[in-house]
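A short write-up of the structure that comes next.
The values are calculated or read from the model by the stated rules, or taken from the named source; none is laboratory data. Treat the numbers as computed from the prediction; the structure is a model and nothing was measured. Cβ coordinates were reconstructed from backbone atoms using ideal geometry, including for glycine residues, and neighbour counts include every protein chain displayed. Calculation scope for accessible area: heavy atoms of the full protein, side chains included, ligands and nucleic acids excluded. Shrake-Rupley method; radii C 1.70, N 1.55, O 1.52, S 1.80 Å.
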Amino acid sequence: MKKEKEPVLFWIVTGLSGAGKSQTINCFEDFGFFCVDNIPVELLPKMAELCSRSGRPLQRVALGIDIREGGFLRDFLSTVEQLKKQGVDCKIVFLDADDRSLLRRFSETRRRHPLGTSVQAGIHEERKQLLKIKELADKIIDTTNLTLSELKQRILELLDSRNEHSDMQLSVVSFGYKYGLPVDSDLVWDVRFMPNPNYKPRLRTKTGRDAPVRRFVLATPEAKRFGKKFFELVTESLPHYVQEGKSYLTIAIGCTGGRHRSVVMAEELASYLKKRKFKVRVHHRDIDR
């Protein structure tokens with residue numbers, strides 16, 4: 001019996017200028033993907049056709065497309081739909097970063113913004129124009145505080161989650177509201193209602209990874225009631241996300257500064273999920289600020 005040919009796998013890498021598209025394409029290349037950067041949108045169906053004819057060497061493809069390409073905004077979404085109708089397994093990765101980081105990166109490289117205006121005005125306009133594509137992305141990666149090695153790990157987790165034999169990939173992120181919401185989060189929970197260790201002089205300089213802070217937070221009635229209900233709610237929800245085709249999920253837990261309460265609860269949630277055989281990655285975004 002002839003073995004059925006595997007579908008072409010396309011990862012389309014897009015997002016804001018300066019958010020790390022070239023580095024992300026390089027990560028895909030390191031993982032064995034055939035990569036093309038800044039490809040015209042109208043060539044995507046032809047590329048898919050060529051890849052399907054080529055056999056296994058071109059069945060895993062990563063394509064970089066951004067606002068520099070003339071027909072990007074006009075044709076992108078309809079072209080993606082066309083690819084899916086052709087049987088292409090097509091996923092969109094959207095790269096984002098906060099304005100301050102984007103401004104700094106443009107300043108360091110001394111490059112002009114592709115929209116041709118001032119850098120700050122260009123970032124604002126590009127955010128507005130790409131909003132619909134961001135909303136439809138399969139995965140949003142916030143590169144604001146990511147090192148290159150951390151970005152590579154995010155891509156590896158993304159690829160692992162596409163393996164049909166692997167379970168849902170979960171990321172639990174702690175953060176501080178004073179530094180803004182993590183833009184790549186799927187679920188966000190606020191734990192600022194819990195007593196704040198920052199007001200205890202002996203705990204202020206410590207973090208949620210330290211045992212005294214952990215004991216202080218978890219001993220409160222608020223944490224005990226919230227933890228039980230919150231952990232059960234997350235666990236009960238996960239199978240439904242899987243049924244909807246979601247293979248990766250980012251849960252963000254925030255407090256004021258991202259160093260105490262959110263860190264404790266993120267560690268507790270991750271431990272709770274790991275005991276139930278979920279694959280979990282923990283990241284404390286603002287713990288060192």
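Taking the residues in the range 258-279 that are part of a loop (DSSP other than H, G, I, E, B) and surrounded by 20 or more Cβ atoms within 10 Å (Cβ to Cβ) as candidates, determine which candidate is farthest from the chain's Cα centre (by Cα).
Only one residue tops the list, namely 260.
Return a yes/no flag: does the range 226-241 have any residue that is surrounded by 14 or more Cβ atoms within 10 Å (Cβ to Cβ) and of a type in the set (D, E, K, R).
No: zero hits.
Within the range 231-254, does at least one residue satisfy the condition of being free of Cβ contacts under 8 Å to residues at least 40 places away in the same chain, aromatic (Phe, Trp, Tyr) and either in contact with a strand residue (DSSP E or B) (Cβ under 7 Å, 6 or more places away or on another chain) or in a loop (DSSP other than H, G, I, E, B) (or both)?
No.
Just to be sure, is residue 113 part of a loop (DSSP other than H, G, I, E, B) and either open to solvent by 70 Å² or more (accessible area, probe 1.4 Å) or more than 30 Å from residue 51 (Cβ to Cβ) (or both)?
Considered against the rule, which asks whether it is part of a loop (DSSP other than H, G, I, E, B) and either open to solvent by 70 Å² or more (accessible area, probe 1.4 Å) or more than 30 Å from residue 51 (Cβ to Cβ) (or both), residue 113 comes out as yes.
Please verify whether residue 287 is open to solvent by less than 30 Å² (accessible area, probe 1.4 Å) and not in a strand (DSSP E or B), treating the condition exactly as stated.
yes
List pairs: first in the range 22-49 and on the phi < 0 side of the Ramachandran plot and free of Cβ contacts under 8 Å to residues at least 60 places away in the same chain, second basic (Lys, Arg) and open to solvent by 80 Å² or more (accessible area, probe 1.4 Å), Cβ under 8 Å, 6+ apart or cross-chain?
From the range 22-49, the pairs are 33/60; 34/60.
Among the numbered criteria (1) more than 27 Å from residue 257 (Cβ to Cβ); (2) open to solvent by 70 Å² or more (accessible area, probe 1.4 Å); (3) under 16 Å from the mean Cα position of the chain (by Cα), which single criterion is violated by residue 168?
With respect to (1) more than 27 Å from residue 257 (Cβ to Cβ); (2) open to solvent by 70 Å² or more (accessible area, probe 1.4 Å); (3) under 16 Å from the mean Cα position of the chain (by Cα), residue 168 is out only on (2).
Answer yes if at least one residue in the range 138-159 is of a type in the set (Gly, Ala, Ser), surrounded by 17 or more Cβ atoms within 10 Å (Cβ to Cβ) and either out of contact with any helix residue (DSSP H, G or I) (no Cβ under 9 Å at 6 or more places or on another chain) or over 21 Å from residue 64 (Cα atoms) (or both), and no otherwise.
For the range 138-159, residues of a type in the set (Gly, Ala, Ser), surrounded by 17 or more Cβ atoms within 10 Å (Cβ to Cβ) and either out of contact with any helix residue (DSSP H, G or I) (no Cβ under 9 Å at 6 or more places or on another chain) or over 21 Å from residue 64 (Cα atoms) (or both): absent.
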